[in-house]
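Worksheet: one structure, shown below.
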Amino acid sequence: MVSWSGHIVPFIVTVAIWFVATGLIAWADNRERATFSRSLIVGSVAGIAGLIVILVASLSTEVWAVYLGFVGALMVWGWHELSFLTGASAGPRRGLADPRLTGIARFRQAAATVMHHEVALAVTALLLISLSWDVPNQIGATVFVLMFAMRLISKINLFVGVPNSSSEMLPEQLAYLKSYFGPNRVTRLLIMSIAVLTGVTIWFGALALAAPVGSAEMVGASLLTTLALLGVLEHLFLALPFRDGMLWGWAYPQRKAAATIERD
């Protein structure tokens, strides 16, 4: 039986935070570069606060603690995303791909463009896992690891090639990453990725439906179900001719200004 407080509310909360947080990060990393240092300071404070929130929430199994741990994980994740999209923690390579390279050599070159970011995410995931190993509420670590896994899968798919490698969300300072995208094509990896993420979504959904009504377990499983479902949606965007950037057109101040000037 579907519960309003146990299923519907967590769904609405997750989608709302996902939409607003993605837009705010897109807005921050598409502003003038002179504002990046201030944005990174704000993001760092939010990230550290998110880590503290996760630690506090991990000690309780109440519903409020589940929501708190969930929000804390997204704060830490947002910190990493902001540092990556502003170019502060991308990778040692900041130039276009060498079109002559193929195979492992091409992969190594592509990996060098995001290495610092991926290492930072992996270290943070391991830190959260270690801090949450024996605590009653592990939602914070679970959310972060799930998002890390989904983002890693999407990056690998972009490298191999997808039918719709939309790059609207990439800010100007990371435009060179487009040259590392694979050809526009449907691959077994993309089909398998969508299938696996769909299976994970169904599994979390089954846990949410089986949990006691109104319990912290139901809320936590519903939050994870919605998050995994959004991961499936983002991978479907890679397969279908849909411009996901349209959802966050309001978050691009520079692009809107440029469009106005061009129109005039």
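The values are calculated or read from the model by the stated rules, or taken from the named source; none is laboratory data. No experiment lies behind these values; they were computed from the predicted model shown. Reconstructed Cβ throughout: ideal geometry from the backbone, glycine too, with neighbour counts over all protein chains shown. Ligands, DNA and RNA are excluded from the accessible area calculation, which covers all protein heavy atoms including side chains. Shrake-Rupley method; radii C 1.70, N 1.55, O 1.52, S 1.80 Å.
At-a-glance table
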quantity: Tilt relative to the chain, helix 188-210 - C-alpha long axis, 0 to 90 degrees, to 10; calculated: 20 degrees
quantity: Asp98 - accessible surface, heavy atoms, 1.4 Å probe, Å² rounded to 10; calculated: 40 Å²
quantity: Inter-site label distance for Thr198 and Ala16 at 7 Å from Cα along Cβ, in nm; calculated: 3.0 nm
quantity: Trp27 accessible area, 1.4 Å probe, all protein chains in place, Å² to nearest 10; calculated: 100 Å²
quantity: Using alpha-carbon coordinates, inclination of helix 216-239 to the longest axis of the chain, degrees; calculated: 20 degrees
quantity: Phi-based couplings in Hz for segment 2-16 (Karplus 6.51, -1.76, 1.60; Gly and Pro marked x); calculated: 7, 10, 5, 6, x, 10, 5, 4, x, 4, 5, 4, 5, 5, 5
quantity: Rounded to the nearest 10 Å², the accessible area of Phe159 at probe 1.4 Å; calculated: 40 Å²
quantity: Degrees between helix 139-160 axis and first principal axis of the chain (Cα, 0 to 90, nearest 10); calculated: 30 degrees
quantity: Cα-based shape type of the chain, given that a ≥ b ≥ c are square roots of the gyration tensor eigenvalues and the cut on a/c is 1.5; calculated: prolate
quantity: Note, ³J(HN,Hα) from phi for segment 69-84, Karplus 6.51, -1.76, 1.60, rounded to Hz, x at Gly and Pro; calculated: x, 4, 5, x, 5, 5, 5, 5, 4, x, 4, 5, 5, 5, 5, 6
quantity: Alpha carbon centroid spacing (whole Å) that separates segment 129-146 from segment 184-218; calculated: 18 Å
quantity: Quotient of C-alpha Rg and 2.2 N^0.38 Å, computed over segment 1-78; calculated: 1.30
quantity: For segment 13-158, average projected area of the Cα convex hull in nm²; calculated: 9.6 nm²
quantity: GluC sites (Glu not before Pro) restricted to DSSP loop in segment 75-176 with at most 15 other C-beta within 10 Å; calculated: Glu168
quantity: MRE, 222 nm, helices only [DSSP H, n ≥ 4, -39500 (n - 2.57), over the chain, to nearest 500]; calculated: -23000 deg cm²/dmol
